[in-house]
Amino acid sequence: MSEGAPLGLVVENLCAGYDDTQVLWDVSLELAPGEIVALIGSNGAGKSTLLGAVSGLVRTWSGTARAGERVLTGLAPDGIVTAGVLQVPQGRRLFGGLTVEENLRMGAYLRRDREVAADLERIVSLLPRLRERYDFLAGRLSGGEQQQVAIARALMARPRVLLIDEMSLGLAPVLVESLLGLLAQINATGVSILIVEQDVQTALEVSSRAYVLETGRITLSGPSAQLLDDPAIRKAYLGV
Amino acid sequence: MTRSALKIERVGMRFGGLWALREVSFTVEPGTIVGLIGPNGSGKTTLMNVISGVFKPTEGSVSYAGRQIAHVPTYAICRLGIARTFQIVKPFAALTVRENVAVGAMFGRDGAKRSTGASFARAEELLETVGLARVATRPASELTIPDRKRLEVAKALALDPELLLLDEVMAGLNATEVDEALDLLRAVHARGITLIVVEHLMKAIVSISQTVVVLAEGKKIAQGLPAEVLGSPAVIEAYLGARWAKRQKQVAEVERERESALDAHPPETST
Amino acid sequence: MIARALRGLGLGGITGNPVAIAVVLVLMALLLAVPATHNDYLTLVFRQILMYAAMAYGWNLIGGYTGYVSFGNVTFFGLGAYCSGVLSTHGVDNLFADIALAVVVNAAFAVLMGIPVLRLRGPYFGIATLGIGVAVAEIVANFDALGGSSGLAVHQVDEAHFSIYYYAMWLVALVSILGTFVIARSKLGYAFVAIRENEDAAAALGISATRYKITAWALGAMMAGAAGAIFAPANGFIDPSITFATDSNVFPIVMTILGGIGTVAGPFIGALLLAGVNELLQRYFVNAHTLFFGSMIVLVVLLLPRGLVWLFGLRGGVRGWLRSVAAYRA
């Protein structure tokens, strides 16, 4: 589902916030082309703000975000989508009053090519549940189904980098497992993925490397397998 | 000032099909500082809204000083001696800082006895307390974020409360500002006001709370001393995820077995 | 310097620029002299200005201070006029009785309508009030006892005593100005402004929004109603198209916004300027006044969102003004 060679994401010394509240302080991280990297941390750490800054929804105060050679900082959100960086937002943010099909087509809104229908078919084969629910209003689906629609919608834009915000929130572990499988499949086609999570296991299972965000700063990073058993993670979340 | 306990008894709050709170019970003893924490979506702010009359609970009851208060409308809550700050600060932008606080003094618990003049005088006192006297005549819209938070606290204090609910007062503050905020809260507490502090910032919670109540997915999962609560398995699970917590337990198990095996059969030491 | 002295007297704050208030009071004093000129045209024009001023003050309380933009305040003016009409039909030709009845009826009506309608916020409230205005006009038009759409003749005093209508209107305007001043300095005024600025925060501070909103609307209704009660006999004739006219609905709003929304001086200044210019325009370009008012609304919204009185309270000259417009827009 990806177009062209895999694309990486580099964030350098990013500072960002809302109005006069600074949320992120000198955040740097790297997502190599084709990698799955996790960003974990407690709520209030600034994870969603970071994704928002990369996606152009939150104003960057200083620092840069780059997708390959392309600088994303300063671009309007639709420019960032065109660059191939797509976000699956926290809470899904589906168009509840539109059907599943319409939601998916909305994902392809900026596309001007003729392969939209083919992609639609391909994605729906990947997610048979969606085919069953094709004409349902998105707002009526279960949490797990909605999450599938949200990811599929992002895929319709042919992303090269996927930013996924708190995918596991409110979902049963079994559903989370299957979604992780979906992510692995997507990654296999060459899409780089940055997965943001509060749930440590989910994030570290699926990623090769991880960063820990604590009150707006990266305090820990390393291979996911190693971090999994690092007691410092607990301290990052609970302060003790 | 009479001091009264806040009793939250089996409170449940449902929105459509979703239970934001379920069977939450705890008591806040007068004169204490209680920290209220929990991961995203745990229901902390919903609980604050229930206590302050913004929502009527679907189930259960809230009583203060022996009176049922769950069905008291928002504007009457302050007459009972309960005041709150808002997570997203809500200053009266077109009014000056002093006028903002004066409004609280005019309509709060002791407001009926105060003239506008006396209300302004009371406002001036409170501005001194929170450290906003230097910006008293500026429009509230011009304040910095830390000052806006101070203004929220001052407005709440203007209601002459016995119980103060603080909703994420530290959000967006840097380390120094957090310390200043904690000092302010301690000063308020020293006047005998009971505090319920909702926060994400663990260091702040540990530093100031006498008791900590933890909510997760709408239920109370722990209550007790800060260090105890933050080290408890239930809380670790809630914050970091059940599967990770289970894994850590397994890892710890393996480690323990290995150590007891070593104790039983110490390796041969070369002499 | 004068401003500081006046602030010492307790003016300023949410009453608005104290100098402006002083200017308004001086102008009001001057207006007392108008009937003495024996110029019927001038008397009529200024009587109209005073009438619009009273209506503007009425709107200012609910729209300006409390922030609930009503598009139906003309209802109160119309009801007030019909109170006089009804009394006249039944042989009562006492101006005081007219005003008294208008005040009572409108206060009651505002309270009654307010209980359901003031629960609505923003544009929904506006639309609901618009609907009320249209509905009442229609009901009156279909009510034969009120003259239906052909209207009612209202008894007028003779030529010699005609200036009583001018003085009565002047008095209503004065009471409106002073009333607004007293309210703005009292707890009531602060309650209104708190509701406008942030209704949730106001509730958290002990303000029962419903009660205060209804109060604001009722007080304003009394001002507009009194103006209508005087208009009816002064005009000698009323019908639904005259008393529930769109002009009477829109003018007070635009005047208040132009003059200074949520101030004591604003509505009067707006009424004076706009009605004055309108009168001049009507003399020379009969149909231009709709175009004029339309453009005024656009200009005011873009450049003077809070009105002239606030503009003159600003420090920093042109840059300060531009900054305030930007801040207001954001």
Scan segment A:84-102 and tell me whether some residue there is more than 14 Å from chain B (Cβ to nearest Cβ), surrounded by 21 or more Cβ atoms within 10 Å (Cβ to Cβ), not aliphatic (A, V, I, L, M) and not in a loop (DSSP other than H, G, I, E, B).
yes
Verdict on B:Leu166 being out of contact with any helix residue (DSSP H, G or I) (no Cβ under 6 Å at 6 or more places or on another chain), away from chain A (no Cβ under 14 Å) and buried (at least 21 other Cβ atoms within 10 Å of the Cβ)
yes
Does A:Gly63 satisfy being within 14 Å of chain B (Cβ to nearest Cβ), assigned to a strand (DSSP E or B) and more than 30 Å from A:Arg112 (Cα to Cα)?
no
Matching residues, segment C:169-209, being more than 7 Å from chain B (Cβ to nearest Cβ) and among the polar types (S, T, N, Q)
C:Ser176, C:Thr180
From the residues in segment A:22-58 that are within 14 Å of another protein chain (Cβ to nearest Cβ) and part of a loop (DSSP other than H, G, I, E, B), which one is farthest from A:Pro223 (Cα to Cα)?
A:Val58
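A quick yes/no check of all residues on (1) within 10 Å of another protein chain (Cβ to nearest Cβ); (2) over 19 Å from the mean Cα position of the chain (by Cα); (3) modelled with pLDDT of 90 or more:
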| residue | (1), (2), (3) |
| --- | --- |
| B:Gly41 | yes, no, no |
| B:Pro57 | no, no, yes |
| B:Gly66 | no, yes, no |
| B:Val72 | no, yes, yes |
| B:Val97 | no, yes, yes |
Among (1) in contact with an Asp or Glu (Cβ under 9 Å, 6 or more places away or on another chain); (2) within 12 Å of chain B (Cβ to nearest Cβ), A:Ile233 falls short only on (1)
When every residue in segment A:181-205 that is assigned to a helix (DSSP H, G or I) and within 12 Å of chain B (Cβ to nearest Cβ) is compared, the one surrounded by the fewest Cβ atoms within 10 Å (Cβ to Cβ) is A:Glu205
Got a sec? Which helices (runs of 4 or more DSSP H) wholly within segment B:187-271 have at least 1 residues that are under 17 Å from the mean Cα position of the chain (by Cα)?
B:202-208, B:226-231
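Yes or no, residue by residue, for (1) more than 29 Å from A:Gln22 (Cβ to Cβ); (2) in the same structural domain as B:Lys44 (by TED's automatic domain parsing); (3) not hydrophobic (A, V, I, L, M, F, W, C):
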{"position": "B:Ser209", "(1), (2), (3)": "no, yes, yes"}
{"position": "B:Val212", "(1), (2), (3)": "no, yes, no"}
{"position": "B:Glu237", "(1), (2), (3)": "yes, no, yes"}
{"position": "B:Ser260", "(1), (2), (3)": "yes, no, yes"}
Only one residue in A:Leu163, A:Leu169, A:Leu175, A:Leu183 is among the aliphatic types (A, V, I, L, M) and farther than 21 Å from A:Gly52 by Cα. Which one?
A:Leu175
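Quick check, is B:Pro226 at pLDDT below 90 and either closer than 26 Å to B:Leu6 by Cα or more than 10 Å from every other protein chain (Cβ to nearest Cβ) (or both)?
Working: at pLDDT below 90: no; either closer than 26 Å to B:Leu6 by Cα or more than 10 Å from every other protein chain (Cβ to nearest Cβ) (or both): yes.
No: the conditions fail for B:Pro226.
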Taking segment B:80-93 on its own, how many of its residues are crowded, with 19+ Cβ neighbours inside 10 Å, facing chain C (nearest Cβ under 10 Å) and assigned to a loop (DSSP other than H, G, I, E, B)?
6
B:Ile77 fails exactly one of (1) at the interface with chain C (Cβ under 9 Å from one of its Cβ atoms); (2) over 27 Å from B:Trp19 (Cβ atoms); (3) not in a loop (DSSP other than H, G, I, E, B), namely (2)
If C:Arg283 satisfies every condition in (1) surrounded by fewer than 24 Cβ atoms within 10 Å (Cβ to Cβ); (2) of a type outside the set (Gly, Ala, Ser); (3) within 13 Å of another protein chain (Cβ to nearest Cβ) but one, which is the exception?
(3)
Name the single residue that is nearest to B:His200 (Cα to Cα) among those in segment A:203-235 being among the polar types (S, T, N, Q) and at pLDDT 90 or above.
A:Thr219
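Just to be sure I understand, how many residues within segment A:162-178 are away from chain B (no Cβ under 14 Å) and either touching a Gly at 6+ places or on another chain (Cβ under 6 Å) or assigned to a helix (DSSP H, G or I) (or both)? Outline the logic, then answer.
At the first step, the residues of segment A:162-178 found to be away from chain B (no Cβ under 14 Å) are A:162-164, A:178.
Now restrict to residues that are either touching a Gly at 6+ places or on another chain (Cβ under 6 Å) or assigned to a helix (DSSP H, G or I) (or both): A:178.
Residues meeting the conditions: 1.
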Would you confirm, using the coordinates I've provided, whether B:Glu124 is surrounded by fewer than 22 Cβ atoms within 10 Å (Cβ to Cβ), within 14 Å of chain A (Cβ to nearest Cβ) and of a type in the set (Asp, Glu)?
no
Selection from segment A:130-155 of residues in a helix (DSSP H, G or I), buried (at least 18 other Cβ atoms within 10 Å of the Cβ) and over 18 Å from the mean Cα position of the chain (by Cα) yields A:Leu130, A:Ala138
In segment C:9-94, which helices (runs of 4 or more DSSP H) lie fully inside it and hold 1 or more residues that are without any contact (Cβ under 8 Å) to a residue 12 or more places away in the chain, out of contact with any strand residue (DSSP E or B) (no Cβ under 7 Å at 6 or more places or on another chain) and not acidic (Asp, Glu)?
C:18-31, C:40-59
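Which one is farthest from A:Gln90 (Cα to Cα) among residues in segment A:206-230 that are part of a loop (DSSP other than H, G, I, E, B) and more than 11 Å from chain B (Cβ to nearest Cβ)?
Looking at the filtered set, the residue picked out is A:Ser208.
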Is segment B:167-177 home to any residue that is part of a loop (DSSP other than H, G, I, E, B), modelled with pLDDT of 95 or more and under 22 Å from the mean Cα position of the chain (by Cα)?
no
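Name the single residue that is surrounded by the most Cβ atoms within 10 Å (Cβ to Cβ) among those in segment B:25-39 being part of a strand (DSSP E or B) and within 13 Å of chain A (Cβ to nearest Cβ). Spell out how you get there, then give the answer.
Here is the first cut: in segment B:25-39, the residues part of a strand (DSSP E or B) are B:25-28, B:33-37.
Next, only the ones that are within 13 Å of chain A (Cβ to nearest Cβ) stay: B:35, B:37.
Numbers: B:Gly35: 24, B:Ile37: 30.
Looking at the filtered set, the residue picked out is B:Ile37.
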Looking only at segment C:98-116, decide whether some residue is out of contact with any Pro (no Cβ under 9 Å at 6 or more places or on another chain) and not in a helix (DSSP H, G or I).
no
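Please determine whether any residue of segment C:146-159 is at pLDDT 95 or above, closer than 30 Å to C:Arg47 by Cβ, assigned to a helix (DSSP H, G or I) and out of contact with any Asp or Glu (no Cβ under 6 Å at 6 or more places or on another chain). If you could, list the steps in order and put the result at the bottom.
Going residue by residue through segment C:146-159, those that are at pLDDT 95 or above are none.
Taking every residue of segment C:146-159 in turn, none turns out to be at pLDDT 95 or above, closer than 30 Å to C:Arg47 by Cβ, assigned to a helix (DSSP H, G or I) and out of contact with any Asp or Glu (no Cβ under 6 Å at 6 or more places or on another chain).
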One residue is enough: does segment B:221-236 have a residue meeting the conditions in contact with a Pro (Cβ under 8 Å, 6 or more places away or on another chain) and within 30 Å of B:Gly12 (Cβ to Cβ)?
no
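Each row is one residue, and each column tells you yes or no for (1) touching an Asp or Glu at 6+ places or on another chain (Cβ under 6 Å); (2) more than 14 Å from chain C (Cβ to nearest Cβ); (3) not in a strand (DSSP E or B).
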site: B:Gly12; (1), (2), (3): yes, yes, no
site: B:Glu23; (1), (2), (3): no, yes, no
site: B:Val54; (1), (2), (3): no, no, yes
site: B:Arg109; (1), (2), (3): yes, no, yes
site: B:Ala118; (1), (2), (3): no, no, yes
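The values are calculated or read from the model by the stated rules, or taken from the named source; none is laboratory data. Given the structure is predicted, the values throughout are model-derived calculations rather than measurements. In this analysis, Cβ positions are derived from the backbone assuming ideal geometry, glycine residues included, and neighbour counts consider all displayed protein chains.
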